[in-house]
Structure formats: C-alpha cells, structure tokens
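Single-structure report; data block below.
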C-alpha cells in the first residue's frame, strides 16, 4: 500500500517520511508539479490540515517549493535529493546493523550475511 | 472568533447531572473528535449545540450568537438515530431538504448518490442499514454549512461503508468549515482528526491536538482512550 499509517506516531511525521520517500525514489520526479493539498489529503485519506503541515515541513527541507500562482513543485536540485537519499540509506544500514547486533552478530558477520543474501 | 463557544454549560435531568460545567471552544477549519464512553454526555452536548435541548445554566454561542435560527442555518447535523421519513424516496428527500435549507446543494447530493449506484426513486425502507446511513450522511454533507456535527456516523456499519463515510466527510466539508464527529470507534477515524475532546461523566477530561497527544504520550488516540477510560 502506498499510504499506511501507524496510529501511535504523529500522522504528519509519517506523511513527511512517505513524501520524502516518493521524492527520493523518483516516484515524484524532480521539477514535477505536486497535487493540491486537498487532493493529496484525499489520496492519503488524511485531514487536509495535517497534509498542509507535512508539506510545510518538506518545504523547509527544500524538497518542494511553491510557485506563487500555480502550486507546489518537487525541487529540481538533484544534489539535494541525492543527499537525502544518502541519509536514508545510512539510516537503513544502521537499523540493519542494530538489528543484527541485538541478535548477537558483529558488524563483520552482519556484512557476511549481506553478501550471502546477494548470492542467493 | 471561535465557531462554537461553550461557557459553564450544565445540564441535568432531575437529580441526574449529565453535563457538569463544560467549557469548550470549537475553532474554524478543523475536524474534531468528540470522544467518550457510552453515557458520558456526548449526545446531550451535541443536542444543546443544535438547540434541541436547553441548558440549565451556562451559555453556548455559535459565531458569537445565541442558539437560534442563525445557528441552525450554519450547522448541519446528523443525529445518532434515523430522523428522516423512511417512506420517502431519495428524490423526495432531496426535494424536501432543498425546500428546507437555503444552503442545500441538490447537485452535490445527486453526484454523491450516483457513486452509490442508487436509484433516486427508491424508498429508504427498501434499503439496508448501511445504505440508509450513507443516504442520510449525503443529505447532511450536501449542505454548505459552517459546522457539521455527526453523532456516531460510523456506528454499526461494515468497514467498507466506514471508509466510504470517512471519504465522503473528507471530500465534502467546506473550506473553513469544521466537523465534529462523536464516536467511541476511535481507531477507525483517528487519522483524520485535528483535535480531540475526551468527555467523561459529563466533564471535559482532556483536549488537544491529535498529533501532539500522540507525541507526548507515545500512543495512538485509541490507546490513550483505552488507558484513560479503563473500567
């Protein structure tokens, strides 16, 4: 599913994460026009106010910008997008290493497992 | 100015005190969950705001005015129990509503009905419970109101119907209008709420921004509710 939420974390934070992912993955292309707040809210089945707040956050991060008359656009700054992509990749790696650590594997062993899964 | 302002609202039936000193402000442009267990006073409060019950003391203002003709014009209310004549067809009901309310938009109503594949000539008493609920919601949401008050709109319907109802609410409330949804089925609706009001034994127990409450308690609104109202 594209839009799914855990009710125990703020919805707007989860919206920011989702939208960020759509931009980083190229699902929302650089420079493309975003749907209106209302339409995005409908698509995600959330409150338009919450969607507005999430878009404000993305705007602060520089991932989207507003053209005064025609709405919101995804940034054309590919460097910035790849910076966020790197950040997310590192987060995922840390999460993986932490998970492996919690079941008793060292970093090296964790990496061996990674290699193994590649060969499968 | 708040859309609705309750000041020291008290209501009792004989010795039975139902609402105890309710102070409340409903802002514009928000979806608000009025949450509380059965018998906590949700429906009584809603009936007071709609002018169907009088307070014993305290005041309620809607757009700064006392409850009356003007407040009824701007509030679109879905009662908890069916309130329309089931011997009428959908078409007759739409005509009835559009005679009754200046701000009722028949086009919106017909458009929403089309999605349900409903024949406007069908009478309500030939329909299932879920379908009746949908029709009544459509009638209420087709008014261009400042405030929509929905008392238990998702009680007793299947999950797909619930989704349809939430969608209809999200799509059709006016810009700048507010929606009050009373329910105890919290997990189904909590992601569309801006704010919540917990009501317990006739008093306001907790109010706040839904996302802020999730952050501060690290729980869903549903879990907070279960925690606070543990029997």
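The values are calculated or read from the model by the stated rules, or taken from the named source; none is laboratory data. Computed from a predicted structure; not experimentally measured. We place every Cβ from the backbone using ideal geometry, glycine too, and count neighbours over all the protein chains shown.
Here residue A:4 passes the criteria (1) in a loop (DSSP other than H, G, I, E, B); (2) in contact with a helix residue (DSSP H, G or I) (Cβ under 8 Å, 6 or more places away or on another chain); (3) within 14 Å of another protein chain (Cβ to nearest Cβ) except the one numbered (2). Determine whether the range B:37-55 contains at least one residue that is more than 17 Å from the chain's Cα centre (by Cα) and more than 14 Å from every other protein chain (Cβ to nearest Cβ). Yes, the range B:37-55 contains a residue that is more than 17 Å from the chain's Cα centre (by Cα) and more than 14 Å from every other protein chain (Cβ to nearest Cβ).
For residue A:50, the criteria (1) within 29 Å of residue B:178 (Cα to Cα); (2) more than 14 Å from every other protein chain (Cβ to nearest Cβ); (3) over 16 Å from the mean Cα position of the chain (by Cα); (4) modelled with pLDDT of 90 or more hold in every case but one, which is (2). Against the test of being in contact (Cβ under 8 Å) with a residue 12 or more places away in the chain, exposed (fewer than 13 other Cβ atoms within 10 Å of the Cβ) and part of a helix (DSSP H, G or I), the options B:119, B:125 yield a single qualifying residue, B:125. Tell me, yes or no, whether the range B:205-227 has at least one residue that is buried (at least 19 other Cβ atoms within 10 Å of the Cβ) and away from every other protein chain (no Cβ under 14 Å). No, the range B:205-227 has no match at all. Take residue B:187 and tell me if it is under 18 Å from the mean Cα position of the chain (by Cα), within 14 Å of chain A (Cβ to nearest Cβ) and surrounded by fewer than 16 Cβ atoms within 10 Å (Cβ to Cβ). The answer is yes for residue B:187.
Restricting the range A:90-108 to residues that are surrounded by 12 or more Cβ atoms within 10 Å (Cβ to Cβ) and free of Cβ contacts under 8 Å to residues at least 12 places away in the same chain leaves a set whose member that is nearest to residue A:62 (Cα to Cα) is A:93. On inspection, residue B:152 qualifies as within 14 Å of the chain's Cα centre (by Cα), at positive phi and more than 14 Å from chain A (Cβ to nearest Cβ).
Here residue A:76 qualifies as in contact (Cβ under 8 Å) with a residue 24 or more places away in the chain, out of contact with any strand residue (DSSP E or B) (no Cβ under 7 Å at 6 or more places or on another chain) and more than 23 Å from residue B:28 (Cβ to Cβ). A count restricted to the range A:15-46 and to residues that are over 20 Å from residue B:30 (Cα atoms) and facing another protein chain (nearest Cβ under 9 Å) stands at 0. Among the residues of the range B:84-104, count how many are farther than 12 Å from residue B:132 by Cβ, touching a strand residue (DSSP E or B) at 6+ places or on another chain (Cβ under 7 Å) and not in a helix (DSSP H, G or I). So the count comes out to 5. Could you pull out the residue among A:64, A:11 that is in contact with a helix residue (DSSP H, G or I) (Cβ under 7 Å, 6 or more places away or on another chain) and either more than 21 Å from residue B:211 (Cα to Cα) or surrounded by fewer than 19 Cβ atoms within 10 Å (Cβ to Cβ) (or both)? Checking each option against the conditions leaves just A:64.
Per the listing B:4, B:9, the residue uniquely under 14 Å from residue B:180 (Cβ atoms) and surrounded by 15 or more Cβ atoms within 10 Å (Cβ to Cβ) is B:4.
Taken over the range B:54-74, residues that are part of a loop (DSSP other than H, G, I, E, B) and closer than 17 Å to residue B:3 by Cβ amount to 4.
Residues that are farther than 30 Å from residue B:176 by Cα and surrounded by fewer than 17 Cβ atoms within 10 Å (Cβ to Cβ) do occur in the range A:30-39, at least one of them.
Residue count for the range B:190-201 satisfying the condition of being more than 11 Å from every other protein chain (Cβ to nearest Cβ) and either crowded, with 22+ Cβ neighbours inside 10 Å or under 24 Å from residue B:140 (Cα atoms) (or both): 4. Look through B:18, B:48 and report the one residue that is assigned to a helix (DSSP H, G or I), in contact with a strand residue (DSSP E or B) (Cβ under 7 Å, 6 or more places away or on another chain) and over 22 Å from residue B:194 (Cβ atoms). Step by step, each of B:18, B:48 is checked, and only B:48 is assigned to a helix (DSSP H, G or I), in contact with a strand residue (DSSP E or B) (Cβ under 7 Å, 6 or more places away or on another chain) and over 22 Å from residue B:194 (Cβ atoms).
Here is the figure for the range A:18-42: residues that are touching a helix residue (DSSP H, G or I) at 6+ places or on another chain (Cβ under 9 Å) and over 23 Å from residue A:68 (Cβ atoms) total 8.
Residue count for the range A:12-52 satisfying the condition of being in a helix (DSSP H, G or I) and under 22 Å from residue A:91 (Cβ atoms): 13.
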